[in-house]
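Take a look at the structure set out below.
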Amino acid sequence: MMPGTLVKPLVRVPVQPGASVRVQDLTGAERAVALYASDMPSGRRRHSSEQVREWIVQGVERLGAEEVRRRGEFFYGHRLLELSGLVTTQIQQRHEQRFPKRGRLNVADQESANSVYRDRMSNETRLRNGAAAVDGNCPCRGTRYIPMFYDEDCGTVDMLCPVHARAEIRRHRAGYRQSFDQRDDLRHTSGHARELRS
């Protein structure tokens, strides 16, 4: 039995003979899932990069690549909702069924972050990094908007769902940064510098 994992029927996708698992082809969330399912000790201590890579490969071989990806998306979706204080009881229960040992998950997550820093990600993996899913009823109910409060002047004020409207949130942030940078450039023109000096 895998440390810290509930015994549950699992659709296993076996690693093909001769095919090797490349750590660079796994997102940070997928590496955390693989480490959680591996023989990695739950206590915090230093491990060599090679040992962490072996545990990641072991976890992928145990769960199968598709299951690691699926659980990674649920893990990251839970985190996004948790950061916004939006985790429902149902989503939390399913998360705890998947990862019953919180301390072990924290260690796996930290080792995963170290692995991403050391081993990086392939370009293809970087494109899907941050993929998230919700295991249960999302607070946005599939609309991408979560009602936050009612204002007499504006009506219902919504927030974008951190999971289902992730691409839109990124576009907003990129646009804000871009407009901020343009304003910053305007402030630092040579004419503006002369105005500040006078």
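Read the figures in this text as sums done on the coordinates, not as results from a lab. Since this is a predicted model, take the numbers as computed values, not measurements. Every residue, glycine among them, receives a Cβ derived from its backbone with ideal geometry; neighbour counts consider all protein chains shown.
Taken about its Cα centre, segment 36-86 carries a charge dipole of about 220 debye when Lys and Arg each add +1 at the Cβ and Asp and Glu each add -1 at the Cβ. Here the 3J(HN,Hα) profile of segment 118-123, calculated from phi with Karplus coefficients 6.51, -1.76 and 1.60 at θ = phi - 60°, is 6, 9, 6, 10, 5, 4 Hz, Gly and Pro shown as x. A full extension of the chain between Met159 and Asp39 corresponds to an added length of 39.1 nm, given 0.36 nm per residue minus the alpha carbon distance. Scanning residues 5 or more positions from Asp158 or on other chains, those with amide H under 5 Å from its amide H are Met148, with H placed 1.01 Å from N in the peptide plane. Modelled spin-label separation between Leu127 and Glu54, with each label point placed 7 Å from Cα along the Cα-to-Cβ direction: 3.4 nm.
Over all other residues within a Cβ to Cβ distance under 14 Å of Thr125, the charged ones net out to +1, with Lys and Arg as +1 and Asp and Glu as -1. Placing +1 on each Lys and Arg Cβ and -1 on each Asp and Glu Cβ, with no other charges, gives segment 57-128 a dipole about its Cα centre of roughly 80 debye.
Using Cβ point charges alone (K and R +1, D and E -1), the dipole size of segment 21-177 about the Cα centre works out to roughly 460 debye. Between Arg170 and Phe149, full extension at 0.36 nm per residue minus the direct alpha carbon distance yields a gain of 5.2 nm.
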